[in-house]
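The values are calculated or read from the model by the stated rules, or taken from the named source; none is laboratory data. Predicted model, so just to flag it, every value in this text is computed and none were measured. Every residue, glycine among them, receives a Cβ derived from its backbone with ideal geometry; neighbour counts consider all protein chains shown. Accessible surface areas use protein heavy atoms only, side chains included; no ligands, DNA or RNA. Shrake-Rupley method; radii C 1.70, N 1.55, O 1.52, S 1.80 Å.
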Amino acid sequence: MSAPVADVAVIGGSGFYTFLDDPEQHVVETPYGAPSAPVAVGTVADRRVAFVPRHGRSHEYPPHLINYRANAWALRSLGVRQVLAPCAVGSLRPEVGPGAVVVPDQLVDRTLGRAQTFVERGAVHVPFADPYCRRLSAAVASVDETVRTGGTMVVIEGPRFSTRAESQHYAAQGWSLINMTGHPEATLAREMRQCYAAVALVTDLDAGVAAGSGVSQEEVFAAFAENLGRLRSLLSDAIAALPDPNGCTCATWADGIDLTYDIPP
Ligand SMILES: [Zn+2]
């Protein structure tokens, strides 16, 4: 097996289209089609890091039309075993406002009909009780004391924002964050036997908690732009603090299981 091109990945979200200085560009084809963009690879904290903007370099792919499988497969084919996934989120809690960074520990899928698995035959059932890698999440939280940890992110289909009633319903379940891309990205990473942590930047209070007119796209992008520098440096620090992926349950769950899909070597 050849040496990996990269062993860590960052998947950029809305407003986050580049991460690395002077990167190599890798055009990767996958059995699922092309990823959102050529994969940029560079060095951060002595680690080889791959970066792909999940919406494309010019934000050409809305959340429900991202080729999540191609992105996951492409990163794994370059050797990636640890994935940091920054994303823009709305807050369902008035006490957690714009600018907060949260590493959630649970996910609820409210998307519809997305291609969400590599399993297309046979009996392969992926453990997903804890959707995020605890070790990776802890590493992110360890580098900045302002990072909040825990909470449930509900992933909606989009591209529209929630109604007030939907948002109030989600908040009443005890869920704390709302987003449009966290699923199926996390489960596909698990199927690729990768460690995966979401790094959620709160850009707005969702419709159910905002007193004003609800969420607007301008508000989301402006809040993200304002916090992008801080998020980039947080991710760089987190990469320096990542644990050894060997032996993590994010990969070992598949030991002894006859997987019916291919994981690129
Ligand atoms: Zn892990």
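Each principal axis of the Cα cloud of region 34-142 was taken in turn, and the coordinate range along them, longest first, works out to 43, 37, 31 Å.
A Förster radius of 30 Å combined with the Cβ-Cβ distance from R110 to A225 puts the calculated FRET efficiency at roughly 0.65.
For the peptides 44-52, 88-96, 8-16, residues were scored by their other Cβ atoms within 10 Å and the scores averaged per peptide; the highest-first order is 8-16, 88-96, 44-52. Using only side-chain charges placed at the Cβ, +1 for Lys and Arg and -1 for Asp and Glu, the dipole size of region 144-265 relative to its Cα centre rounds to 180 debye. Both radii come from the Cα set of region 154-265: Rg as radius of gyration, Rh as Kirkwood radius; their ratio Rg/Rh reads 1.06. Note on the chain: with a GNM built from Cα contacts shorter than 10 Å, the maximum mean-square fluctuation among L234, L75, L205 falls on L234. Starting from 0.36 nm per residue, how many nanometres of slack lie between D144 and Q168 once their C-alpha separation is accounted for? Working it through step by step, the gained length comes to 5.6 nm.
A simple charge model with +1 on the Cβ of Lys and Arg, -1 on the Cβ of Asp and Glu and nothing else charged puts the dipole of the chain at about 280 debye relative to its Cα centre. In this rough spin-label picture, where each label sits 7 Å from Cα along the Cβ direction, the E60-I257 distance is 3.5 nm. Think of a 1.4 Å ball rolled over the protein heavy atoms: region 115-170 then has 56 Å² of accessible area per residue. How much of the calculated P(r) for the chain lies past 25 Å, in percent of all Cα pairs? Of the Cα pairs, 40 percent sit more than 25 Å apart.
Looking at the chain alone, DSSP beta bridges between its own residues are antiparallel in about 30 percent of cases.
Evaluated on region 84-227, the Kirkwood hydrodynamic radius is 15.6 Å, with distances taken between all distinct Cα atoms. Full extension of the chain between R134 and T18 gives 39.1 nm of extra length, using 0.36 nm per residue less the Cα-Cα distance.
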